Amino acid sequence: MPKKRKNRGRHKGDKGKEGYVQCDNCGRLVPRSKIVRVTRPYVPVDPQLAKELEAKGAIIPKYYVTRNYCINCAIFYGIIKVRPEEERKKKQSLGAKPTSK
């Protein structure tokens, strides 16, 4: 069967075998180079309460949570967008100028 993608949908290149990581949403085992990692700040305090406490001089801690998603979950939650077919195939070399017709 022909390959759909040159890199087989991964970032590992020619490095050999690599470990698997569980998707934090659905639990699927995904190769480490194929996961979508998202780091977002998490504040454990309600936003209105945080404003009041900061006004009084309190320091509210902000934690950064990193989550791993499989491709299906990342698309479902809108982290990754599915690009139109014309956009997917666009490849420009470094020295080439775009042609407009």
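The numbers here are math on the coordinates, done by the rules we state, and not lab data. Fair warning: this is a prediction, and the values are worked out from it, not measured in the lab. Quick reminder, even Gly has a Cβ in these numbers, built from the backbone with ideal geometry, and neighbours come from all protein chains shown.
Computed values, structure above
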quantity	calculated
Test: residue in the range 53-63 that is under 23 Å from the mean Cα position of the chain (by Cα), farther than 21 Å from G78 by Cβ and of a type in the set (K, R)	yes
Residue that is farthest from the chain's Cα centre (by Cα) [pool: residues in the range 28-45 that are part of a loop (DSSP other than H, G, I, E, B) and under 23 Å from I80 (Cα atoms)]	R28
Residue satisfying condition, being in a loop (DSSP other than H, G, I, E, B) and out of contact with any Pro (no Cβ under 9 Å at 6 or more places or on another chain), within set N68, N25	N25
Hits in the range 1-45 - residues which are free of Cβ contacts under 8 Å to residues at least 40 places away in the same chain, surrounded by 11 or more Cβ atoms within 10 Å (Cβ to Cβ), under 17 Å from I71 (Cα atoms) and in contact with a strand residue (DSSP E or B) (Cβ under 8 Å, 6 or more places away or on another chain)	R10, K12, Y20, P31, R32, I35, R37
